[in-house]
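Heads up, the thing below is written out as structure tokens.
Here, each number is a calculation from the coordinates, and none is a lab measurement. This structure is a prediction, so every number in the text was calculated from the model and none was measured. Because the Cβ atoms are built from the backbone with ideal geometry, glycine has one as well, and the counts that use them run over all protein chains shown.
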Amino acid sequence: MSDFEEGLVEEIESFDAIDDVVTDLTSEMDFAVAAWHEDGCWTLGTLPDPYDIAQIITRLKSQQTNGGSIALISIDEEFFILIRVLGAHISLFLSDATAALDYEVAEELLEIADIPLPEDDDESSPIGQLEILADLGLSGMEISALCDDAELFPDEQLEAIANRLGFGDQFAELLEL
């Protein structure tokens, strides 16, 4: 093999190594956190699979308290999902409806919520129950403003939501933000 070919092989291998690092980072950016309020304080825990909406809802149902339980989910630095289970009532929110065109988890959420899929030419907009956290002090208008802020990544939007609800420090510590 010539020096040129050896150099090319080494360069390709180095790109492969970079790709592995990028793949690892992408999977680390996806997370799901459950939060529930009991005895006057918030308790948080990570959920194992941010892509399994049915399992997340089941886990939230098992953490029933007076204020219900909430899942804060970030996917691929593209969008976030909020799920709230309060008694038998399940509320769902997706920060960008058009994510359902590219992500199965977002499509599944819309199917569960019985919301039609967006069209290819639809603009990015939040969808679902915008007032999902209103009784906890976070209005739909505030959530909408967070969704409209193009400077914030989904993890930052969720951190702002966690701060507003009163468990921001725990949220940041849990995710090591």
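Around Ser125, under 11 Å between beta carbons, what's the net of Lys plus Arg minus Asp minus Glu among the other residues? Could you put the intermediate results ahead of the total?
Working: positive: none; negative: Asp96, Asp122, Glu123, Asp148.
So the environment of Ser125 carries a net charge of -4.
Using 0.36 nm per residue, how much length does the chain from Met141 to Asp114 gain when fully extended, once their Cα-Cα distance is taken away? Working shown, then result.
Numbers: separation 27, 0.36 × 27 = 9.72 nm, distance 2.27 nm.
Fully extending the segment from Met141 to Asp114 adds 7.5 nm.
Cα convex hull, segment 45-137: 100 Å³ per residue, rounded to a whole number.
Remark: spin-label model distance Ala134-Tyr51 equals 3.5 nm, labels positioned 7 Å along the Cα→Cβ axis.
What number, in percent, do you get for the relative contact order of segment 48-90 if the mean sequence gap of Cα pairs under 8 Å and at least 6 apart is divided by its residue count?
Numbers: 50 pairs, mean separation 15.1, N = 43.
Here the relative contact order equals 35 percent.
Taking 0.36 nm per residue of separation and subtracting the Cα-Cα distance, full extension of the segment from Glu107 to Thr65 would add 12.3 nm.
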